[in-house]
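Asker: Pasting a structure below so you can have a look.
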Amino acid sequence: MSRIGNRILTIPAGVTVEVVDNTITTKGPKGELKYTFDESISAKVDDGKVIVTRANELKQTKSLHGTTNALISNMLIGVSAGFEKSLEAVGVGYKFAVSGKKITVHAGYSHTIDVEVPEGVSVEGVSATEICVKGIDRQKVSEFAANIRKIREPEPYKGKGIRYKGEYVRRKEGKKAAK
């Protein structure tokens, strides 16, 4: 029995949800999102709530049940409140420069790295060493933040690199000099 699939989702104030065939559309103050789900899953809007049910008890259908419910939940949160991920650059000379739809990353290489901001995502420079990635689609926001982090992942000896704000980097002890 899928606990995530069986939960009933409450529609936030100011959000409208429509289900046509196997496509769910959510509209809210931040924007609009659409998702087409499998035929073995059905969703219905009832009295300010979204209920997701499955047609059979096959293993794949059960896994799709929980996944579909979680994705619809993310859509409801995205169009009403939005998502954000903060990144920070730790290290001497490590910094971000945001200009329009482009981020310039200085991450200890001999050159700078320019990253184009994708559609549906916005980036705000909090300081020279911190940026905030915002958007209504959780997958796009998380994937873009992960791609920026991948430019220079935090290393365990000095802790330098690009990391999520609040991320704990487990430190290792360096080599000891022989006596």
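Asker: What are the residues in the stretch 151-179 that are within 15 Å of the chain's Cα centre (by Cα) and open to solvent by 100 Å² or more (accessible area, probe 1.4 Å), if any?
Answerer: If the condition is that a residue be within 15 Å of the chain's Cα centre (by Cα) and open to solvent by 100 Å² or more (accessible area, probe 1.4 Å), then LYS165 is the only one that fits.
Asker: Select from the stretch 121-142 the residues that are without any contact (Cβ under 8 Å) to a residue 24 or more places away in the chain and surrounded by 14 or more Cβ atoms within 10 Å (Cβ to Cβ) and list them in ascending order.
Answerer: Residues satisfying the conditions are VAL121, SER122, LYS140.
Asker: Here is a check on your reading of the model: is ALA146 of a type outside the set (Phe, Trp, Tyr) and in contact (Cβ under 8 Å) with a residue 24 or more places away in the chain?
Answerer: no
Asker: What tally of residues in the stretch 74-90 results from selecting those that are under 13 Å from the mean Cα position of the chain (by Cα) and closer than 21 Å to LYS44 by Cβ?
Answerer: Residues flagged as under 13 Å from the mean Cα position of the chain (by Cα) and closer than 21 Å to LYS44 by Cβ within the stretch 74-90 amount to 4.
Asker: If you go through the stretch 58-80 one residue at a time, do you hit one that is farther than 18 Å from ILE8 by Cα, open to solvent by 40 Å² or more (accessible area, probe 1.4 Å) and touching a Lys or Arg at 6+ places or on another chain (Cβ under 7 Å)?
Answerer: No - not one qualifying residue is present in the stretch 58-80.
Asker: So which residues in the stretch 21-55 are in contact (Cβ under 8 Å) with a residue 24 or more places away in the chain, over 18 Å from ASN6 (Cα atoms), open to solvent by 70 Å² or more (accessible area, probe 1.4 Å) and part of a strand (DSSP E or B), if there are any at all?
Answerer: Selection gives LYS27, GLU32.
Asker: On to the next question. Go over the candidates LEU71, LEU76, LEU58 one by one and state the one that is closer than 16 Å to GLN139 by Cβ and without any contact (Cβ under 8 Å) to a residue 60 or more places away in the chain.
Answerer: Result of the check over LEU71, LEU76, LEU58: LEU71.
The values are calculated or read from the model by the stated rules, or taken from the named source; none is laboratory data. This structure is a prediction, so every number in the text was calculated from the model and none was measured. Glycine gets a Cβ as well: all are built from the backbone with ideal geometry, and neighbour counts include every protein chain shown. Just the protein is used for accessible areas: all its heavy atoms, side chains included, with ligands, DNA and RNA removed. Shrake-Rupley method; radii C 1.70, N 1.55, O 1.52, S 1.80 Å.
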